[in-house]
Amino acid sequence: MPLPQRPPKPKTLADANEIIDALWGIVESHERLQVEVAELRAENDELKAQVKELLDKAGKSSRNSSKSPSSDSIAQRANRPKKKRSSRNKGAQPGHKAHQRDLLEESKVDQFERHFPQAQCTCGGTVVVEQDPSFRHQVFDLPEVRYTVTEHQVYDGVCAGCQQRHKGRWPDSIPSGQMGPGLIAWIVMMSAQFHLSVRQTQSLLAEQWELVFSTGAVSEAQGKALPWLGAHYSDIGEHIRAEAVVHADETRYFLDAEGRWLWALATAGALYLMAHYSRGKMAANLLLQGVTGILVSDHYAGYNDYPREKRQLCWAHLLRHFRHFSERPGFAGRIGSRLLLATNVLFRTQHRFDKKEIDESVYRRRMLRIRKSFQFWLDMGSC
């Protein structure tokens, strides 16, 4: 393509002004173009950030984040790692020790049914029955369900001498309502332990015990148990708070249409629950009031007022986060893979120590190496 020829020099002032105006128009167009390019670049950066955020969210599942397994999509559920099928046959394996229910002592058996052989042998002789049974078989069954009713009758009396009338009184231990302590305890157990609704509890009362109470009476019975259990439940909270290691978590629930938060403080042997309207630090500090040991929790900022040197982040959450980092491309994915590997090594070491496959000295030495590996790759990722 030939180069354009140089335009002729202006011969008059009017020609020069015309060229200047044309050049000025080109400059203005260039400036407008630069502004548009800058706006497009800013818009492009914003769209890139949004795409990255959306891809990040789309890639999250219960395996690499704190999402619940029920929130996984169909594709994510299909991509869950399948457990390897065992080459063994189903059921008990050769050499497996059988586990059978031991026979109860005869003193604990309610009734006996004895089965004897025929009295006479085919040869004509008399069959002599041995003193001890050759085989014992016990059948467990439930008794006929029947509630008990206690009627309290109050009598009045008249003095034979002065004819003064005296009224009888029942003891303060007798409940004023129609539900006794055993029935109230059963209703509370159905609600708290087995998570039955008021209507389900009402239906079970009618079907199993042939007792008919209104839903209001069933609901009111649960409230009667609070004064009985309140002091004991507070003792459970104090016991947990005094433990060396405690776990804390929170979840949302609804009371009618009002949103509430259920806070949990737990150890290996006890659980304390606290209902609160808030998920903020005020509620977290109220839950943790009196805790002095190691606190195990997730990354939620509500627990940040607790001393950092006594707080252990939940390893289940850390594992999912490291798995999510490892799925990223480039340098971030490499760092995440190393952290994920170190976490799996930590779990394997802990399990071997729990099974007494390694002694304490080996355990501590390996844990120290794992800690140094974590610190190294965390420092690399923060650069």
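The values are calculated or read from the model by the stated rules, or taken from the named source; none is laboratory data. Predicted model, so just to flag it, every value in this text is computed and none were measured. Methodologically, a virtual Cβ is constructed for each residue, glycine included, from the backbone with ideal geometry; neighbour enumeration extends over all protein chains shown. The area values use the complete protein model at the heavy-atom level, side chains included, leaving out ligands, DNA and RNA. Shrake-Rupley method; radii C 1.70, N 1.55, O 1.52, S 1.80 Å.
Modelled with pLDDT of 75 or more and small (G, A, S): does that describe G125? Yes.
Quick check on A98: is it exposed (fewer than 10 other Cβ atoms within 10 Å of the Cβ), in a loop (DSSP other than H, G, I, E, B) and at pLDDT below 75? Taking the combined requirement at face value, the residue satisfies it. Among the residues making up segment 118-149, those that are surrounded by 10 or more Cβ atoms within 10 Å (Cβ to Cβ), farther than 30 Å from L211 by Cα and either in contact with a Gly (Cβ under 8 Å, 6 or more places away or on another chain) or not aliphatic (A, V, I, L, M) (or both) are Q120, C121, P133, R136, Q138. Look through segment 236-259, keep the residues that are touching a Lys or Arg at 6+ places or on another chain (Cβ under 9 Å) and over 15 Å from K281 (Cα atoms), and return whichever of them is modelled with the highest pLDDT. Here the answer is R252.
Scanning segment 190-234 for residues that are touching a residue at least 40 places away in the same chain (Cβ under 8 Å) and either of a type in the set (S, T, Y) or not in a helix (DSSP H, G or I) (or both) gives E210, L211. (1) open to solvent by 100 Å² or more (accessible area, probe 1.4 Å); (2) under 23 Å from G216 (Cβ atoms); (3) of a type in the set (A, V, I, L, M, F, W, C): which one isn't true of W170, the others all being true? That leaves (2) as the condition not met.
For segment 180-202, the count of residues that are more than 35 Å from the chain's Cα centre (by Cα), within 26 Å of W228 (Cα to Cα) and at pLDDT below 90 is zero. Restricted to segment 270-383, the set of helices (runs of 4 or more DSSP H) holding at least 3 residues that are open to solvent by 70 Å² or more (accessible area, probe 1.4 Å) and of a type outside the set (S, T, N, Q) comprises 281-287, 330-354, 360-382.
Does R252 satisfy the criteria of being in contact with a strand residue (DSSP E or B) (Cβ under 8 Å, 6 or more places away or on another chain), open to solvent by 70 Å² or more (accessible area, probe 1.4 Å), among the charged types (D, E, K, R) and not in a strand (DSSP E or B)? So R252 does not fit the description; no.
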